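Enquirer: Attaching a single structure in structure tokens format; questions to follow.
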Amino acid sequence: MEHTYSVGSNPVYYDKQNLHVLFAGQSQTVPMHQAGPKIYDYYLFHFIESGSGIFRTEHHQYALEKGDFFLIHPGQLVSYISDKDQPWCYRWAAFTGSEADDLVLQTGFTPQKPVVTTTGDSVIPGALSSIMQAFKANKESAHLTSLGFLYLIVGEAADLLSSFSRLPGAESQVKRTVKQMIHYMASQYAHPVSIEQMCDTLGYNRAYLSRVFKQETGLSPVTYLLKLRIEKSRQLLRERPELSVEQVAASVGLTDALYFSRQFKRFCAQSPTAYRLTTTRHVKKTDQ
């Protein structure tokens, strides 16, 4: 069997972007072909299209085959070697950037859990192929195209990893529900949403959600959302002096400026105007 190798590099040079796909490729290896042991300074995905082999990390050894998908973390000593009888053919893509760590964290991959097994209808091999083809076309737009496919890849991986790690029983269900509620409020606080709307969206009874949320966070959903809005308003008061108190209130989903001012004073022990004056003076003194 002949060793084949094909790779496409991002035509846009990496210059500290938030997220950047560096290159993508495909290789049919020969028996016992080995990479490493070595350390990479970027994240590197591999999807096994056929054959089998061994992937070794600092924590574990994995016997992998067709449909398996693994992620190499930067700074980790790894090696991988193809089988002597059925050497693997795999696709790969490397990515980096200031937001790469957070993206991987959201996905669920860790150095201790770097492998997931896909299903037959996986989008991952097609996405990896599309990234390589886009790079080979050598258009600058390929940079954006590659990010779209990267999100498709990590989206599927996140679904698979969350299904794999999901624990049976009420406790894990409660924790997932509370995480959903927190995510909902963090993404919707700027809109005049209510706890009732959130309960309808998530498909749960309000009394149940309020009980489990307070059980996990120590706060009721109403108080949590209000504290979130006040915290966001403090940031706007500090950073956007051109905005009126009414505009700040509306920007955090509170259309009644008087109610906003009362709640702001409740949490911060001073009015929004006084808070802005205090922080502005502090900034001016720091600059002098």
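Enquirer: Looking at (1) assigned to a helix (DSSP H, G or I); (2) under 31 Å from the mean Cα position of the chain (by Cα); (3) crowded, with 16+ Cβ neighbours inside 10 Å, which is the one condition that is false for Gln215?
Expert: All conditions are met except number (3).
Enquirer: Among Gln28, Gln76, which is the only one that is in the same structural domain as Ser122 (by the TED database), more than 24 Å from the chain's Cα centre (by Cα) and surrounded by fewer than 21 Cβ atoms within 10 Å (Cβ to Cβ)?
Expert: Numbers: Gln76 fails: more than 24 Å from the chain's Cα centre (by Cα).
Just a single option satisfies the conditions, and that option is Gln28.
Enquirer: Right, here's the next one. Within segment 1-24, restricting attention to residues that are over 25 Å from the mean Cα position of the chain (by Cα) and aliphatic (A, V, I, L, M), which residue is farthest from Lys139 (Cα to Cα)?
Expert: This residue is Met1.
Enquirer: Can you list residue pairs whose Cβ atoms sit under 6 Å apart, with the first residue in segment 204-220 being touching a residue at least 40 places away in the same chain (Cβ under 8 Å) and the second being surrounded by 12 or more Cβ atoms within 10 Å (Cβ to Cβ)? Count only pairs 6 or more apart in sequence or on different chains.
Expert: Close Cβ pairs satisfying both conditions: Glu216/Val178.
Enquirer: In a helix (DSSP H, G or I) and of a type in the set (A, V, I, L, M): is that true of Ala134 in this structure? It would help to see each step written out before you state the result.
Expert: Values: in a helix (DSSP H, G or I): yes; of a type in the set (A, V, I, L, M): yes.
Yes, satisfied.
Enquirer: Of all the residues that make up segment 101-110, how many are within 20 Å of Ala127 (Cα to Cα) and either surrounded by fewer than 20 Cβ atoms within 10 Å (Cβ to Cβ) or of a type in the set (Val, Ile, Thr) (or both)? Can you show your working first?
Expert: Narrowing segment 101-110 to residues within 20 Å of Ala127 (Cα to Cα): 103-104, 106-109.
Next cut, either surrounded by fewer than 20 Cβ atoms within 10 Å (Cβ to Cβ) or of a type in the set (Val, Ile, Thr) (or both) only: 103-104, 106-108.
Going through segment 101-110 one residue at a time, the tally reaches 5.
The values are calculated or read from the model by the stated rules, or taken from the named source; none is laboratory data. Quick caveat: nothing in here was measured; it's all calculated off a predicted structure. In this analysis, Cβ positions are derived from the backbone assuming ideal geometry, glycine residues included, and neighbour counts consider all displayed protein chains.
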